[in-house]
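One structure below.
FYI, it's all coordinate maths here, none of it is from the lab. Being a predicted model, the structure only gives us computed values, none of them experimental. Methodologically, a virtual Cβ is constructed for each residue, glycine included, from the backbone with ideal geometry; neighbour enumeration extends over all protein chains shown.
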Amino acid sequence: MTVYRSLNNRMLAGVCGGLAEHLGWSPGRLRLVWVLATIFTAFAGVVVYVALWFLMPKAPQPPPPFESPPLQPWKKSN
């Protein structure tokens, strides 16, 4: 299963949002853990974030919603 950068849960590049969607976590909780880990590891989390920004593909766009054609095209709908 491929991990994608999120299209909906993004603040900067969607890395944390995509990881949270993949892991089933809330994006806010993962961001908090990421910030704490970044602070306690002498800002190594910034380097990892930038690397994941370039390595993780952006999530594909969802297909447009399907609208069924009218059943009786000769009648105008109101």
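Couple of notes before you dig in:
- Amide hydrogen neighbours beyond the local backbone of residue 58, cut-off 5 Å, H modeled: 5
- Each of the peptides 33-39, 60-66, 3-9 was scored by the mean count of other Cβ atoms within 10 Å over its residues; in descending order, highest first, they stand as 3-9, 33-39, 60-66.
- Unit Cα scatterers, Debye sum, the chain: log10 I(q)/I(0) for q = 0.15, 0.18, 0.19, 0.21 Å⁻¹: -0.58, -0.74, -0.81, -0.94
- For residue 6, the shell of other residues with beta-carbons less than 13 Å away shows a net charge of +3, using +1 for Lys and Arg and -1 for Asp and Glu.
- Nearest-0.05 FRET efficiency for residue 1 and residue 54, computed from C-beta distance (R0 25 Å): 0.80
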